[in-house]
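Taking it in order: structure first as structure tokens, then the write-up.
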Amino acid sequence: MTGRHAAPRPTRTGPWRPGVVALVGALGLVGGLGTQAYWNDQATVTGATVTSGSLDLLVDGVQGNPSTYTWSSLSMTDMSPGESKAGTVTLSNAGTTPFTVAATATASGNLDPHVTARVVLSGSATTDNTYPRQETCSGGTQTFDDTLGNSGKTVISSTSTMAAGATLVVCVSLTLATNAPNSMQGKSYTPVFTFTATQAAS
């Protein structure tokens, strides 16, 4: 049997085509399962600026803190028993926050037990230059009428709400008792009023 020729092998060109087509189809299916790139956009919004307000109490248009304001209209250098002196100060809200005002007062000096202080809201001070001088607070609403002492008495419990720009007149009269003893000659009396502004309740 030598000398026989082996039968030629069939070429693979034709039989591989279905495999190649099937592979391409598989790749196409895998690509369909991938992440799609959706379009998107962004917008940034910045909030408007918020600024805190202020609470500012002025006395006769000036600050009473940290420097002490001198209530010069209450000064009298030669008061005699039975005489009285009156004066006013104007409180104002120079800030942006509505507030109410309370006040306490003390007094120092030997005349303290013999001087009565009267406090009136929205009152006006009368003037008297003739002996015996009898100045007083007229009109308004009285909130205190007593001696002060050195313990800090409440002379104004609370005012009505004062809006920004609002003002309030406080009148005080000081009266030396008619029965002040002879030993009180040449003695002094200094009242100190502390006004406290507190943010009004909403």
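We did not get these values from a lab; they are worked out from the coordinates using the rules stated. Please read these numbers as outputs of a predicted model, since none were measured by experiment. FYI the Cβ positions are ideal-geometry reconstructions off the backbone, even for glycines, and counts take in every protein chain you see.
Any idea which of T70, T106, T96, T159 is among the polar types (S, T, N, Q), within 13 Å of P191 (Cα to Cα) and assigned to a loop (DSSP other than H, G, I, E, B)? Outline the logic, then answer.
Numbers: T106 fails: assigned to a loop (DSSP other than H, G, I, E, B); T96 fails: within 13 Å of P191 (Cα to Cα); T159 fails: within 13 Å of P191 (Cα to Cα).
T70 is the lone residue from the list that is among the polar types (S, T, N, Q), within 13 Å of P191 (Cα to Cα) and assigned to a loop (DSSP other than H, G, I, E, B).
How many of the residues making up region 139-153 are surrounded by 13 or more Cβ atoms within 10 Å (Cβ to Cβ) and either part of a strand (DSSP E or B) or touching a Gly at 6+ places or on another chain (Cβ under 6 Å) (or both)?
5
Could you say whether any residue in region 55-71 is over 26 Å from the mean Cα position of the chain (by Cα) and more than 15 Å from T198 (Cα to Cα)?
Checking region 55-71: not a single residue is over 26 Å from the mean Cα position of the chain (by Cα) and more than 15 Å from T198 (Cα to Cα).
So which residues in region 73-93 are of a type in the set (D, E, K, R) and in a loop (DSSP other than H, G, I, E, B)?
Listed by number, the residues that qualify are D78, E83.
I'm told T198 meets every condition in (1) part of a loop (DSSP other than H, G, I, E, B); (2) under 24 Å from the mean Cα position of the chain (by Cα); (3) touching a residue at least 40 places away in the same chain (Cβ under 8 Å) except one. Can you identify the failing condition by its number?
Only one criterion is unmet by T198, namely (1).
What tally of residues in region 161-183 results from selecting those that are more than 22 Å from G123 (Cβ to Cβ) and surrounded by 17 or more Cβ atoms within 10 Å (Cβ to Cβ)?
Final tally of qualifying residues: 1.
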